[in-house]
Amino acid sequence: MKFRDDLHTLLANDKGAQKVFWSFCKERKQILFDTCFWTLDPRLPFGKQNQPFILRPKQIEVVELLDWCITNGHDAGINKTRDEGASEIVCKLFSAWIMLYDHISFIVGSYKKEDVDKLGDDYTLFAKIDNVFEHLPSWMGIKYEKDGGCIYRKDMLIRNLARHSAIIGETTNENFSVGSRATAILLDEFGRIRKIVADSIEGTVHPITNCVIYNSTHWLGAGHPFNEALKKDTTRRIDLLWWENPEKAKGLYRSPEVGVVEIIDENYYRENYPDVLNYVS
């Protein structure tokens, strides 16, 4: 928080530094996450639910991969476990793009409309985007129209009028995005969609965009289009799994076979139980 305060105090009073900052953000979208974006978690103590979004190492890899795929027109697949921030990362990366570039169009889809955008619900896909534009530093001048800014908002739509760039919401049904064109598309929780519907979407989505982002946990088996999409040569796959999260993997070990224990979080045992390492070969 102190770093953010110092950084934005400097930027607010230095036009030259602002230009440098924006150029850095175009090169590394991680900078916007770590210095400007927030994330909301109601499980945290009262008054601390909205926290700075500081990317973990694996999340940085996800941002960099997705940014490359959007730039180069390549499909991406995120195989995730729950509560690792994958959906929020994609939504906030889309937000970064419509802040930085002209004539960008993204589509975000999930299997229920209520999961995409619902008035008053702070945990939809669009709420994750709203969280970006509600908390940007004031010197940027990027805020909602009702506050005198350039961000137009209505149900299932956010548009940056200054950039002519937008994020559109849809439900992932048989008619998903028919007739549309997009810079990239998010198919959120694609693995939860009924196979017959997912087959229909997979069969029609690729002429709409050069970058389809499949994001899901596994639900409906190896024969589901989500799993098939992850295996395609045209998909850049990345795993975002709980045991790679340093906040959840403290003291992590595994037992690949009887009588063998493999320590994953070695630093934890060095700091807390150094004697255990006397038995490590």
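Please treat every number below as a calculation from the coordinates, not as lab data. Given the structure is predicted, the values throughout are model-derived calculations rather than measurements. For neighbour counting, all protein chains shown are included, and Cβ atoms are generated from backbone atoms with ideal geometry for every residue, glycine included.
By the beta-carbon count within 10 Å of each Cβ, the least crowded to most crowded order of 66, 220, fewest first, is 220, 66. Computed from phi, the 3J(HN,Hα) profile of region 92-107 under the Karplus parametrisation 6.51, -1.76, 1.60 (θ = phi - 60°) reads 6, 5, 4, 4, 4, 5, 6, 6, 9, 10, 8, 6, 9, 9, 10, 10 Hz, with x in place of Gly and Pro.
Report, please, the projected area of region 151-231 averaged over directions, based on the convex hull of its C-alpha atoms, in nm².
Working: hull surface 23.2 nm².
For region 151-231, the mean projected area of the Cα convex hull comes to 5.8 nm².
Here the spin labels are modelled as points 7 Å beyond Cα on the Cα-Cβ line, and at residue 272 and residue 139 they lie 4.1 nm apart.
For region 239-281, what is one quarter of the convex hull surface built on the Cα atoms, given in nm²? Don't skip to the end; give the middle numbers.
Working: hull surface 14.7 nm².
Over every viewing direction, the Cα hull of region 239-281 projects on average to 3.7 nm².
For region 43-50, putting each phi into the Karplus relation 6.51 cos²θ - 1.76 cosθ + 1.60 with θ = phi - 60° gives couplings of 7, 6, x, 3, x, 10, 5, 9 Hz, in residue order, rounded to whole numbers and with x for Gly and Pro.
If each residue's Cβ is checked for other Cβ atoms within 10 Å, how do 129, 31 rank with the fewest at the top?
Details: 129 24, 31 17.
Fewest to most other Cβ atoms nearby, the residues stand as 31, 129.
Expressed to the nearest 5 percent, the antiparallel share of DSSP beta bridges inside the chain is 35 percent.
Taking a ≥ b ≥ c as the square roots of the eigenvalues of the Cα gyration tensor, the chain is oblate, since a/c reaches 1.5 or more and a/b is not larger than b/c. Mind running the shape call on region 48-189? Use the C-alpha gyration tensor, a ≥ b ≥ c as the square roots of the eigenvalues: rounded below 1.5 for a/c, prolate if a/b tops b/c, oblate otherwise. Rounded shape, in that the Cα axes give a/c under 1.5. How high is the relative contact order of the chain, in percent, counting Cα pairs under 8 Å that sit 6 or more residues apart? Relative contact order comes out at 20 percent.
Equivalent-ellipsoid semi-axes (√(5λ), Cα gyration tensor) for region 165-278, whole Å, largest first? Intermediate values should be presented prior to the final figure.
Values: eigenvalues 337, 53, 25 Å².
Calculated on Cα positions only, the semi-axes equal 41, 16, 11 Å.
For the pair residue 208 and residue 162, a Förster radius of 22 Å applied to the C-beta separation gives a FRET efficiency near 0.30, rounded to the nearest 0.05. Taking amide H positions as modeled 1.01 Å from N, with prolines and chain starts lacking one, the residues under 5 Å from residue 108 and 5 or more places away or on another chain are 168, 169, 170, 186. Annotation: lysines with alpha-carbon distance below 23 angstrom to residue 112 (same-chain offsets under eight excluded): 80, 92, 128, 154, 195.
Amide H contacts of residue 237 (H built 1.01 Å from N, in plane; Pro and chain starts excluded): 77 sit under 5 Å, all sequence-distant by 5 or more or on other chains.
Derived scalar couplings between HN and Hα for region 205-210 equal 7, 6, x, 7, 8, 8 Hz in order, rounded to whole Hz, by the Karplus curve 6.51 cos²θ - 1.76 cosθ + 1.60 (θ = phi - 60°), x for Gly and Pro.
For each pair in 26/143; 29/250; 26/113; 26/232, compute the distance between the two Cα atoms and list the pairs where it is over 24 Å.
Values: 26/143 20 Å; 29/250 28 Å; 26/113 32 Å; 26/232 29 Å.
Checking Cα-Cα distances, 29/250; 26/113; 26/232 exceed 24 Å.
Computed extension length for residue 7-residue 263: 88.2 nm, one decimal, from 0.36 nm per residue of separation with the Cα-Cα distance subtracted. The ranking of 273, 214, 123, 268 from fewest to most other beta carbons within 10 Å of each one's beta carbon is 273, 123, 268, 214.
Rounded to the nearest 500, the 222 nm mean residue ellipticity of the chain from helices alone is -10500 deg cm²/dmol, with -39,500 (n - 2.57) taken per DSSP H run of at least 4 residues.
Positive-end ranking of 187, 8, 33 along the dipole of the chain, with charges on Cβ about the Cα centre, is headed by 8.
May I ask you to list the trypsin sites (Lys or Arg not before Pro) in region 46-130 that are in a DSSP loop and have at most 11 other Cβ atoms within 10 Å of their Cβ? Write down the numbers at each step before the final one.
On the way: sites: 48, 58, 80, 82, 92, 112, 113, 118, 128; in loops: 48, 82, 112, 118.
Passing sites in region 46-130 are 48, 82.
Computed over all pairs of different Cα atoms, the Kirkwood value for the hydrodynamic radius of region 203-264 is 14.9 Å.
Region 14-88 and region 93-145 have their alpha-carbon centroids 13 Å apart.
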